[in-house]
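The values are calculated or read from the model by the stated rules, or taken from the named source; none is laboratory data. For clarity, every value in this text was computed on a predicted model and none was experimentally measured. As a convention, Cβ positions derive from the backbone with ideal geometry for all residues, glycine included, and neighbour counts pool all protein chains shown. When the accessible area is computed, the model is the full protein with side chains, heavy atoms only, and any ligands, DNA or RNA have been set aside. Shrake-Rupley method; radii C 1.70, N 1.55, O 1.52, S 1.80 Å.
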Amino acid sequence: MSTTANNTNPAAFLPRHVAIIMDGNGRWAKKRFLPRIAGHRAGVEAVRNVVQACAQRGIEVLTLFAFSSENWRRPPSEVGLLMDLFMTALERETKRLHENNVRLRVIGERSAFSGKLQEKIIAAEQRTAANSGLTLVVAANYGGRWDITQAARAVAQKVEAGQLHASQVTEDVLEQHMALHGLPDPDLFIRTGGEERISNFLLWQLAYTEFYFTETLWPDFDGRIFEDALASFARRQRRFGRTGEQVEQEQGHKGA
Ligand code: IPE
Ligand code: IPE
Ligand code: MG
């Protein structure tokens, strides 16, 4: 860890892309003797706050894990209520997002959603498509393995059609077919709720991301905890395979 070099240019130590596993809604509700869905509802409030914090700070991309491809394994009643909540959140929040110049993008396998929900997603994406502020990515029915698989399938189809030679299948080509194509990889990953695992989130894109875990349950996530995560990120030295000396030398050049 090196703090000295970081002070030369604080903006360089703000993540461009923050990815969050919003975990702990159920336990938050349980502690209050409330049904799990009350925790999910409170979680929507926390989303509103973190979106605002990212927009204010000039963070370019915020990716939120809202529903994993494995969350279908939950009781059908909870899944149904989560779908309803997703729908109402889209209905209620899109206007606010648009007013705040936020561009919404939803990633994941949408075909599993109801036709009505799919329409709402498309409408919200289209309405906010031209916005130039924060890009908010919501991962819904998303799985990292699904993402890599669908990218591989799309590339294989191009090879099959003779548009691409197998030897031309590079990391860049695969990246262009991944759900987050065109956006920088996450710099900072945050998981609330105390678990320290990826749970099939962005497997490909987290290759060099800095991880931050907090015991805080998602509905309790606020600006202070976000600041702690950003401060922790700013103190880290990202080496991408190089030595610490090489990185310091490079930062010295940039700061000069
Ligand atoms: C995260 O909170 C939200 C979703 C997975 C939809 P959980 O519902 O997983 O909360 P815990 O982990 O049971 O507390
Ligand atoms: C991960 O949380 C998915 C989301 C936050 C949407 P889970 O609570 O489903 O993860 P596991 O099952 O504990 O790993
Ligand atoms: Mg959980």
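Among the residues of segment 100-123, are any exposed (fewer than 13 other Cβ atoms within 10 Å of the Cβ) and either in contact with an Asp or Glu (Cβ under 8 Å, 6 or more places away or on another chain) or among the β-branched types (V, I, T) (or both)?
If we filter segment 100-123 for residues that are exposed (fewer than 13 other Cβ atoms within 10 Å of the Cβ), which is where we start, we get 111, 114-116, 119, 122.
Narrowing further to those that are either in contact with an Asp or Glu (Cβ under 8 Å, 6 or more places away or on another chain) or among the β-branched types (V, I, T) (or both): 122.
Within segment 100-123, one or more residues are exposed (fewer than 13 other Cβ atoms within 10 Å of the Cβ) and either in contact with an Asp or Glu (Cβ under 8 Å, 6 or more places away or on another chain) or among the β-branched types (V, I, T) (or both).
If L81 meets every condition in (1) buried (at least 20 other Cβ atoms within 10 Å of the Cβ); (2) aliphatic (A, V, I, L, M); (3) in contact (Cβ under 8 Å) with a residue 40 or more places away in the chain apart from one, which number is that one?
Among (1) buried (at least 20 other Cβ atoms within 10 Å of the Cβ); (2) aliphatic (A, V, I, L, M); (3) in contact (Cβ under 8 Å) with a residue 40 or more places away in the chain, L81 violates only (1).
Taking F226, is it among the aromatic types (F, W, Y) and within 16 Å of the chain's Cα centre (by Cα)? Write out each step before concluding.
On the way: among the aromatic types (F, W, Y): yes; within 16 Å of the chain's Cα centre (by Cα): yes.
Here the answer is yes, as F226 does meet what is asked.
Strands (runs of 3 or more DSSP E) wholly in segment 126-224 with at least 1 residues that are polar (S, T, N, Q), away from ligand 1 (no atom under 16 Å from the Cβ) and surrounded by 21 or more Cβ atoms within 10 Å (Cβ to Cβ) - which ones? I'd like the intermediate steps shown before the answer.
Working: elements: 135-142, 188-191, 210-213.
In segment 126-224, 135-142 are the strands (runs of 3 or more DSSP E) which contain 1 or more residues that are polar (S, T, N, Q), away from ligand 1 (no atom under 16 Å from the Cβ) and surrounded by 21 or more Cβ atoms within 10 Å (Cβ to Cβ).
Could you tell me whether F113 is touching a strand residue (DSSP E or B) at 6+ places or on another chain (Cβ under 8 Å) and farther than 30 Å from A234 by Cβ? Can you show your working first?
Working: touching a strand residue (DSSP E or B) at 6+ places or on another chain (Cβ under 8 Å): yes; farther than 30 Å from A234 by Cβ: yes.
In short, yes.
Okay, residues lined up against (1) closer than 27 Å to P184 by Cβ; (2) within 16 Å of ligand 1 (Cβ to nearest atom); (3) not in a helix (DSSP H, G or I):
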{"site": "L62", "(1), (2), (3)": "yes, no, yes"}
{"site": "F67", "(1), (2), (3)": "yes, yes, yes"}
{"site": "V79", "(1), (2), (3)": "no, yes, no"}
{"site": "L82", "(1), (2), (3)": "no, yes, no"}
{"site": "L90", "(1), (2), (3)": "yes, yes, no"}
{"site": "R96", "(1), (2), (3)": "yes, no, no"}
{"site": "L104", "(1), (2), (3)": "yes, no, yes"}
{"site": "I121", "(1), (2), (3)": "yes, no, no"}
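Has segment 19-27 got any residue that is part of a loop (DSSP other than H, G, I, E, B), within 16 Å of ligand 3 (Cβ to nearest atom) and either open to solvent by less than 30 Å² (accessible area, probe 1.4 Å) or touching an Asp or Glu at 6+ places or on another chain (Cβ under 7 Å) (or both)? Steps first, please.
In the first step, residues of segment 19-27 are kept if they are part of a loop (DSSP other than H, G, I, E, B); the result is 22-24.
Right, trim to within 16 Å of ligand 3 (Cβ to nearest atom) and you get 22-24.
Cutting the leftovers down to either open to solvent by less than 30 Å² (accessible area, probe 1.4 Å) or touching an Asp or Glu at 6+ places or on another chain (Cβ under 7 Å) (or both) gives us 23-24.
Yes, because at least one residue in segment 19-27 is part of a loop (DSSP other than H, G, I, E, B), within 16 Å of ligand 3 (Cβ to nearest atom) and either open to solvent by less than 30 Å² (accessible area, probe 1.4 Å) or touching an Asp or Glu at 6+ places or on another chain (Cβ under 7 Å) (or both).
Within segment 31-45, take every residue that is basic (K, R) and either within 13 Å of ligand 2 (Cβ to nearest atom) or closer than 18 Å to F65 by Cβ (or both) and give me the one that is most open to solvent (accessible area, probe 1.4 Å).
Here is the first cut: in segment 31-45, the residues basic (K, R) are 31-32, 36, 41.
Among the residues that remain, those that are also either within 13 Å of ligand 2 (Cβ to nearest atom) or closer than 18 Å to F65 by Cβ (or both) are: 36, 41.
Details: R36: 104, R41: 132 Å².
Applying the filter and picking the extreme gives R41.
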